[in-house]
Amino acid sequence: MKICQVIKPLVSTNRIETMKHKHLQVVLDGSSKLVAVDSVGASPGDWVLCVGSSAAREAAGSKEYPSDLTIVGIIDNWDPDS
């Protein structure tokens, strides 16, 4: 799992059929911006738990889903500087 911060939503209306209507978020992983499937309804500024690889596909709803990163939880209270 990774801890990331949600930066902003990503809108993509032309998608392959298997992506359906999943929400996408731009997240910051250290200094890298990544795109994650949002399975929990995170908002910009939220610190979130993300999973990758086959766990990301399963968390997005299917082993066939084309995701490398999926948000699986919103962190309630965490200070990144401590």
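Identify all residues within segment 10-21 that are at pLDDT 80 or above and either of a type outside the set (Ser, Thr, Tyr) or surrounded by 15 or more Cβ atoms within 10 Å (Cβ to Cβ) (or both); write none if there are none. Within segment 10-21, LEU10, VAL11 meet the criteria.
Name the residue that is surrounded by the most Cβ atoms within 10 Å (Cβ to Cβ), counting only residues in segment 39-63 that are assigned to a strand (DSSP E or B) and under 10 Å from the mean Cα position of the chain (by Cα). Only one residue tops the list, namely CYS50.
Every condition in (1) in contact (Cβ under 8 Å) with a residue 60 or more places away in the chain; (2) out of contact with any Ser or Thr (no Cβ under 7 Å at 6 or more places or on another chain) is met by ILE71 except one, and the failing one is (2). In segment 22-38, which residue that is among the aliphatic types (A, V, I, L, M) and without any contact (Cβ under 8 Å) to a residue 40 or more places away in the chain is surrounded by the most Cβ atoms within 10 Å (Cβ to Cβ)? Top of the filtered list is ALA36. Here's a check for you: in segment 32-76, which residue that is of a type in the set (Asp, Glu) and within 18 Å of GLU17 (Cα to Cα) is modelled with the lowest pLDDT? Restricting to residues being of a type in the set (Asp, Glu) and within 18 Å of GLU17 (Cα to Cα), the top hit is GLU64.
The values are calculated or read from the model by the stated rules, or taken from the named source; none is laboratory data. Computed from a predicted structure; not experimentally measured. Ideal geometry is used to build each Cβ from the backbone, glycine not excepted, and the neighbour counts take in all protein chains shown.
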